[in-house]
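Student: The structure follows.
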Amino acid sequence: MEAYEAERTWPGTAILRAAIPRVDAASESAFESWSRGQMLVNALPAPALGVQVSGASGRDYWSDFGWPGAGVGGEADGLGKYGGTEQQVRASVRAERLRQADLEGAGLLVVRWSSAEPPREW
């Protein structure tokens, strides 16, 4: 913020000035931040970030985004979380499927998206 204040008269800082109140350190990745920006631009309700949710099994998980009052969780599926080898990717995808089934079994609607999907399709 101090760096911004020192340069606030520079060209282009109006965009930054509009963005600063929307910055949230709870975003865990650039893709999550971009996703939240798309939600704001498309007038979706603001999500909670890093929400603890419980599956039907009683196991607790973290969801990238949550709308607790609506029973909705959102997952920004960046490729980095799946691993670097084929074996890691297969294991990660399987774990994600089991996790999602557990959450859906508890009544949570899980919405997932990747960078390849236009935000209107979410």
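The values are calculated or read from the model by the stated rules, or taken from the named source; none is laboratory data. Nothing here was measured: the structure is a model prediction, and the numbers come from that model. Protein only, heavy atoms only, side chains kept; ligands, DNA and RNA dropped before computing areas. Shrake-Rupley method; radii C 1.70, N 1.55, O 1.52, S 1.80 Å.
Student: Calculate one ³J(HN,Hα) per residue across the range 51-66 by plugging θ = phi - 60° into the Karplus curve 6.51 cos²θ - 1.76 cosθ + 1.60, and present them in order as whole Hz with x for glycine and proline.
Tutor: Listing the rounded values in order: 8, 7, 10, 10, x, 4, 6, x, 6, 9, 9, 10, 10, 4, 9, x Hz.
Student: Could you report the range 32-122's accessible area per residue, 1.4 Å probe, as an integer in Å²? Write down the numbers at each step before the final one.
Tutor: Numbers: 5520 Å² over 91 residues.
For the range 32-122, the per-residue accessible area is 61 Å².
Student: Give a residue-ordered list of calculated ³J(HN,Hα) values for the range 105-113 (Karplus: 6.51 cos²θ - 1.76 cosθ + 1.60, θ = phi - 60°; whole Hz; x for Gly, Pro).
Tutor: x, 8, x, 8, 7, 9, 10, 10, 8
Student: While we're looking at this one, here's another question. Can you run phi through the Karplus equation (6.51, -1.76, 1.60; θ = phi - 60°) for the range 81-94 and list ³J(HN,Hα) in whole Hz, with x for Gly and Pro?
Tutor: Couplings: 6, 8, x, x, 10, 4, 4, 5, 4, 4, 5, 5, 4, 4 Hz.
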